[in-house]
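The values are calculated or read from the model by the stated rules, or taken from the named source; none is laboratory data. Not measured: the values here are computed from a predicted model. Virtual Cβ from ideal backbone geometry, glycine too; neighbours counted across all protein chains shown. When the accessible area is computed, the model is the full protein with side chains, heavy atoms only, and any ligands, DNA or RNA have been set aside. Shrake-Rupley method; radii C 1.70, N 1.55, O 1.52, S 1.80 Å.
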Amino acid sequence: MIQAAEIVKLGDLHFEPFLMSETIDEAVQKIAGQINRDYNGEEVLLIGVLNGAFVFMNELIKQLEVSLEIDFIKVSSYDGMNSSGELALALDFKNDIKGKNVILIEDIIDTGLTASRLLKMASCLRPRSLKIASLLLKPDSLKTQVQMDYVGIEIPDVFVVGYGLDYDQKGRELPMIYKLYQED
Ligand code: 5GP
């Protein structure tokens, strides 16, 4: 049984612990190891997808042993818990990704629509190579086929917060990942 003290209240919703720090750290290490192996001796441009990916990106770069450039784009496609389906870029790709090894850094792939649109937009700018890394993936929620190069943890179709992920801009600072708490 879940102790009340472990439950976090954000706005009108309650969330319960789901992925502990050790589990998340292992996933970050796994992805970092794969990137270090795949890009050994090469330069990589990491492009974090704001806002959610900033914590994952911050932890990932500490483990990378490749020569890095770091940039961000900003997407606002999520309003509370409803994916609008529309992709608005508040901060766009820069043209200087041409000829570079680019890895998009995502917090979570849910329907896959954001990732597939971002990959399409980035590929138009002719990077040398283009991959995507996501800390979390909800395989049961996918609505489109999407390229997935580095995935940390597969989770069921639950709404999660913490470690950069928000509920209406709250909860990003939580050091582990919580899922929506539903009393049954
Ligand atoms: P997709 O386009 O794959 O449906 O959604 C991608 C974006 O939706 C993610 O980058 C994230 O901002 C948001 N998102 C999807 N699932 C969740 C979730 O469970 N929790 C939170 N906080 N955001 C989510």
The condition from (1) part of a loop (DSSP other than H, G, I, E, B); (2) at pLDDT 95 or above that Val44 misses is numbered (1)
Return the pair list, or none, for Cβ contacts closer than 7 Å from residues in the range 111-128 that are under 15 Å from Leu142 (Cα atoms) to residues that are open to solvent by 50 Å² or more (accessible area, probe 1.4 Å), at least 6 apart or on different chains. Thr111/Ser83; Thr111/Leu142; Thr111/Lys143; Gly112/Leu142; Gly112/Lys143; Leu113/Lys143
Report yes if some residue within the range 146-158 is within 25 Å of Gly33 (Cα to Cα), of a type in the set (S, T, N, Q) and part of a loop (DSSP other than H, G, I, E, B); otherwise report no. yes
Please enumerate the residues belonging to the range 135-160 that are farther than 15 Å from Ser116 by Cβ and hydrophobic (A, V, I, L, M, F, W, C). Leu135, Leu136, Ile153, Ile155, Val158, Phe159, Val160
Read through the list (1) open to solvent by less than 30 Å² (accessible area, probe 1.4 Å); (2) away from the ligand (no atom under 11 Å from the Cβ), then give the number of the only condition that Gly171 fails. (2)
Residue under question is Ile24, and the condition is that it be among the hydrophobic types (A, V, I, L, M, F, W, C) and under 16 Å from Pro175 (Cα atoms); does it hold? yes
Going through the range 47-68 one residue at a time, which ones are surrounded by 20 or more Cβ atoms within 10 Å (Cβ to Cβ) and either modelled with pLDDT of 95 or more or hydrophobic (A, V, I, L, M, F, W, C) (or both)? Ile47, Gly48, Val49, Ala53, Val55, Phe56, Met57, Leu60
Which numbered condition Ser141 misses (of (1) more than 8 Å from the ligand (Cβ to nearest atom); (2) open to solvent by less than 20 Å² (accessible area, probe 1.4 Å); (3) polar (S, T, N, Q)): (1)
Just need a number here: residues in the range 100-138 that are away from the ligand (no atom under 12 Å from the Cβ) and not in a helix (DSSP H, G or I). 12
Number of positions in the range 47-77 that are under 23 Å from Leu174 (Cβ atoms) and either under 12 Å from the mean Cα position of the chain (by Cα) or not in a loop (DSSP other than H, G, I, E, B) (or both): 19
